[in-house]
Amino acid sequence: PNNLYGSETEKAVKAFQKDNNLPESGIADELTLSQIKNELSNIPSIGNRSEETKKLKQDLNRLGFTFFKNPTNYFGSETEKGVRDFQRHFGLSVTGYGDEATLAKLDEILSSPLQRGKRNSASQSLKEDLVALGYLSLSNPNNLYGSETEKAVKAFQKDNNLPESGIADELTLSQIKNELSNIPSIGNRSEETKKLKQDLNRLGFTFFKNPTNYFGSETEKGVRDFQRHFGL
């Protein structure tokens, strides 16, 4: 924010005045400023105490941004740091206090279907991806997001410098997708695929005359035969 009271500021003041049943002048008069101050006192921020702050700290703990043993209702410097880290991580405005957008994002993540105890097709798909990445060992992944899935997600998050919540949030899913794109699989091209085909040739599972870097149906068949043969 700079020092110019422009049209966007006026628009914001009018919106605030409307929400607080004040005359919508767009001018920050004494009553408007007083109400703004009053509203700010209810927002979890440095130096404040409230039950909302306690819940905020519990939520940040759950998502791996803070590590309070017994979260209190006091908003101190460690809480502020956790909030800033959370906001930065998810591309929010880095204010350092529990504003509406921050609290809404916390609720969104904590209500995710991709967490322990939930059943859905997305969980099954996630487990298949984690198997492909080597974080789970399952022959027939089901749709339950259980403790083993949570453990696998935490391990993936740790390896990728993400907060270890065990919840597959949007950034975790994005990184999983990115990692999968680097794994030799149908339709991909890579030097790793070329080496894979050479190795499968060497072991008698494929018979490519001049192995290329393309992973096609014959490569997939060779990999499946290899996996089946060795109980993978």
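Largest mean-square fluctuation among 81, 118, 194, in a Gaussian network model of the chain whose springs join Cα atoms under 10 Å apart, belongs to 194. Rolling a 1.4 Å probe over the protein heavy atoms of the stretch 30-137, with every protein chain left in place, gives an accessible area that is 48 percent carbon and sulfur. Mean projection of the Cα convex hull over all viewing directions, computed for the stretch 180-232: 3.4 nm². Look at where the Cα atoms of the stretch 132-171 and of the stretch 189-232 average out, and the two centres are 27 Å apart. Each of 173, 193, 143 was scored by the projection of its Cα onto the charge dipole of the stretch 132-199, and the greatest displacement toward the positive side belongs to 193; charges sit on the C-beta of Lys, Arg, Asp and Glu.
The residues packed around residue 90, meaning those with a beta-carbon under 9 Å from its beta-carbon, carry a net charge of 0 if Lys and Arg are +1 and Asp and Glu are -1.
Eigenvalues of the alpha-carbon gyration tensor of the chain, scaled by 5 and square-rooted, set the equivalent ellipsoid semi-axes at 51, 21, 14 angstrom, largest first.
Sparse packing (at most 13 other Cβ atoms within 10 Å of the Cβ) combined with a DSSP loop state is found for the following chymotrypsin sites (Phe, Trp or Tyr not before Pro) in the stretch 132-212: 207.
As a length-normalised measure over Cα pairs under 8 Å and 6 or more apart, the relative contact order of the chain settles at 11 percent.
With distances taken between every two different alpha-carbon atoms, the stretch 130-232 has a Kirkwood hydrodynamic radius of 15.3 Å. So what is log10(I(q)/I(0)) for the stretch 57-133 at q = 0.13, 0.18, 0.25, 0.26 1/Å, when the Debye sum runs over its Cα atoms only? So the normalised log intensities are -0.49, -0.79, -1.11, -1.16.
Between residue 151 and residue 21, the contour length at 0.36 nm per residue exceeds the Cα-Cα span by 41.9 nm. The GNM of the chain, with springs linking C-alpha atoms under 10 angstrom apart, assigns the highest mean-square fluctuation among 202, 84, 62 to 202.
From the square roots a ≥ b ≥ c of the eigenvalues of the alpha-carbon gyration tensor of the stretch 85-171, which class results: rounded (a/c under 1.5), prolate (a/b over b/c), or oblate? Prolate, since a/c reaches 1.5 and a/b exceeds b/c. Compared with the dominant principal axis of the Cα atoms in the chain, helix 7-19 is inclined by about 80°.
From the largest down, the stretch 1-54 spans 37, 27, 16 angstrom on the principal axes of its Cα atoms. Using Cα atoms only, what is the angle between the long axis of helix 170-180 and the major principal axis of the chain, expressed in degrees (0 to 90) to the nearest 10? Rounded to the nearest ten degrees, it is 20.
Cross-linked pairs 118/177; 151/221; 81/127; 127/221: Cα-Cα separations exceed 25 Å for 151/221; 81/127. For the chain, a Gaussian network of Cα nodes joined below 10 Å ranks 146, 216, 82 by mean-square fluctuation, and the top entry is 216. Between the Cα long axis of helix 30-40 and the first principal axis of the chain there is an angle of about 40°, rounded to the nearest 10.
The values are calculated or read from the model by the stated rules, or taken from the named source; none is laboratory data. Owing to the predicted nature of the structure, the values given are computational and were not obtained by experimental measurement. FYI the Cβ positions are ideal-geometry reconstructions off the backbone, even for glycines, and counts take in every protein chain you see. Ligands, DNA and RNA are stripped out before the accessible areas are found, and what is left, the full protein with its side chains, is counted by its heavy atoms. Shrake-Rupley method; radii C 1.70, N 1.55, O 1.52, S 1.80 Å.
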